[in-house]
Amino acid sequence: MDAPAAFRRQLLDAIPRLRRYARSLVFDMPQADDLVQNTLERALTHWHQFDQRRDMLVWLLSIAHNAHLDTRRRESRITVTDPEELQRTQDQQGGDPGTDVGLRLDLLAALRRLQPEQREPLLLVCVEQLTYAEVAEVMHIPVGTVMSRVCRARAALRQFLDGGAHVGAPTLRRVV
Amino acid sequence: MTMDGEPIDDNLLSAWVDGELAGAERTADRERVEAWLREHPEDAARVQQWAADAEALRAFAGPADAEPVPDALQRAVWRRNGGPPRWALAASAAGLLLLGGLIGGALVWQSQQRATLTSEQTAALAAGTAAGWVERAAYAHSVFVPEPRHPVEVKAQEEHLSRWLTNRIKLPVKLFDLHEQGFELVGGRLLPDGPGKSAQLMYQDAQGQRVTVYLRKPEDGTDAAFRYEQHGELGLFYWVEAGAGYALVGALPKERLLAMAQAIYKQGPVMPGAASAASGGAAPRGSSP
């Protein structure tokens, strides 16, 4: 049976937030839109599994999360993320004298350096304003794990930011 | 004045920043965190920094609707077997067919004199009043049960049947198990019920005999008694329980229908506390004619 129009309209309404989330997962706009498209297709195929009493966005985010993991698993055989490379990128960007642009780049570089397992819950909570319980649903992990990952993510993010901003401040360097 | 006893773990401080301790059930944790932060300025500064970082991330991500949705994604939403116009057309066509079926079926039913309605009942039926719902259940039964190939709108195999009906009639629609009585679920359909909606579930036994269960949200103050009525060869058990009106319709001996009605009654959505009474095997009240 084909997905009803009302369901499709709900999908359409969710796209902007889905895109923002996708970008935080892949950091690349065309790739992020591919992920959104993949998510929409999966949602349409499984529309009858959606319980209307649930939050549509949380359901879609969890589909996007799974789709992203599938892609990463496929791609992990080809590309390897090199932390040194990311560090170099950050150092280059950190050297930029521009103030606002520099700040944004710092934040972006720090985010990129976070482990995806930590970055995702942090952004779901801070940007998408999901509760820990909703993040747990999206990522299929226990609420307690969400709590500790968010906490570790924000500590690491702060460390990266401090490290980038105050090059000469050894006390604020990585301690872990 | 300090109570340095229990150091607070960072997880809890972080959860506090995210508003996770705002609920009443976390009051103790929240107060503990807030007392701690008052007495530990270093932690308070750290927590403040975390909150500022969260704000920076939000600003960094920007508003979700900052730019229009690309055409490619809009198209993706409407893809597969056509978009809303075709769907809407199909739905309205189905509605017309259903209406035609109801009128046609009702005429056939009356001409066959399976049941007789008084003019009052017919009027109640037409007006869609509460008093008419049992008759509507009987009508719906007579219209769809003779259909050899398309007796239901959604087949039992489709797992969303119960959810779909539940969402439409705003009642928990359970797919009752009548295997013990020898009946298997065929499927269900959505029906107009006066100003509201109702659901019909159809069951069939090995001999092809069919019964239907009609479910609707009852009007306030509707009689909750368990009743039996005979309309020609059709027997009807109906009752109101836990905010749902049930009518079981079938051309079966009263004892067999009663056994099924009891099975449904026991499986129906039971209010908390009533569970033991319902599963205790007590026959529904007032089951004598």
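Among the residues of segment A:1-20, what is the count of those that are under 23 Å from the mean Cα position of the chain (by Cα) and more than 9 Å from chain B (Cβ to nearest Cβ)?
The qualifying residues number 3.
Can you confirm whether segment A:4-26 contains a residue that is out of contact with any helix residue (DSSP H, G or I) (no Cβ under 7 Å at 6 or more places or on another chain), part of a loop (DSSP other than H, G, I, E, B) and without any contact (Cβ under 8 Å) to a residue 60 or more places away in the chain? I'd like the intermediate steps shown before the answer.
Filtering segment A:4-26 down to residues out of contact with any helix residue (DSSP H, G or I) (no Cβ under 7 Å at 6 or more places or on another chain) leaves A:6, A:9, A:13, A:16.
Retained after the next criterion (residues that are part of a loop (DSSP other than H, G, I, E, B)): none.
No: segment A:4-26 contains no residue that is out of contact with any helix residue (DSSP H, G or I) (no Cβ under 7 Å at 6 or more places or on another chain), part of a loop (DSSP other than H, G, I, E, B) and without any contact (Cβ under 8 Å) to a residue 60 or more places away in the chain.
Can you confirm whether residue A:32 is aliphatic (A, V, I, L, M), touching a Phe, Trp or Tyr at 6+ places or on another chain (Cβ under 9 Å), modelled with pLDDT of 90 or more and part of a helix (DSSP H, G or I)?
Criteria met by residue A:32.
Select from segment B:56-74 the residues that are facing another protein chain (nearest Cβ under 8 Å) and either part of a helix (DSSP H, G or I) or polar (S, T, N, Q) (or both) and list them in ascending order.
Passing the criteria: B:56, B:57, B:58, B:60, B:61, B:72, B:73, B:74.
If you go through segment A:103-142 one residue at a time, how many are without any contact (Cβ under 8 Å) to a residue 40 or more places away in the chain, among the β-branched types (Val, Ile, Thr) and more than 9 Å from chain B (Cβ to nearest Cβ)?
2
Would you say residue B:72 is at pLDDT below 90, exposed (fewer than 15 other Cβ atoms within 10 Å of the Cβ) and over 32 Å from the mean Cα position of the chain (by Cα)?
Numbers: at pLDDT below 90: yes; exposed (fewer than 15 other Cβ atoms within 10 Å of the Cβ): yes; over 32 Å from the mean Cα position of the chain (by Cα): yes.
Taking the combined requirement at face value, the residue satisfies it.
Assigned by TED's automatic domain parsing to the domain that holds residue B:150, without any contact (Cβ under 8 Å) to a residue 40 or more places away in the chain, within 24 Å of residue B:153 (Cβ to Cβ) and out of contact with any helix residue (DSSP H, G or I) (no Cβ under 6 Å at 6 or more places or on another chain) - does that describe any residue in segment B:223-233?
Checked segment B:223-233: no residue is assigned by TED's automatic domain parsing to the domain that holds residue B:150, without any contact (Cβ under 8 Å) to a residue 40 or more places away in the chain, within 24 Å of residue B:153 (Cβ to Cβ) and out of contact with any helix residue (DSSP H, G or I) (no Cβ under 6 Å at 6 or more places or on another chain).
Residue check: is residue B:208 assigned to a strand (DSSP E or B) and small (Gly, Ala, Ser)? Walk me through it before giving the result.
Numbers: assigned to a strand (DSSP E or B): no; small (Gly, Ala, Ser): yes.
So residue B:208 does not fit the description; no.
Do you know which residues across segment A:35-56 are more than 10 Å from every other protein chain (Cβ to nearest Cβ) and either in a helix (DSSP H, G or I) or aromatic (Phe, Trp, Tyr) (or both)?
Scanning segment A:35-56 gives A:35, A:42, A:56.
Any idea which residue in segment B:1-21 is farthest from residue A:159 (Cα to Cα), counting only those that are in contact with a helix residue (DSSP H, G or I) (Cβ under 9 Å, 6 or more places away or on another chain) and exposed (fewer than 11 other Cβ atoms within 10 Å of the Cβ)?
Within segment B:1-21, the match that is farthest from residue A:159 (Cα to Cα) is B:1.
Give the residue, chosen from B:182, B:235, B:187, B:208, that is small (Gly, Ala, Ser) and within 16 Å of the chain's Cα centre (by Cα).
When all the criteria are applied, what remains is B:187.
Has segment B:236-244 got any residue that is modelled with pLDDT of 85 or more and either at positive phi or of a type in the set (A, V, I, L, M) (or both)?
yes
Please go through (1) modelled with pLDDT under 90; (2) in a strand (DSSP E or B) for residue B:188 and return the number of the only condition it doesn't satisfy.
Failed condition: (1).
The values are calculated or read from the model by the stated rules, or taken from the named source; none is laboratory data. From a predicted model like this one, the values you see are computed outputs, not experimental measurements. Reconstructed Cβ throughout: ideal geometry from the backbone, glycine too, with neighbour counts over all protein chains shown.
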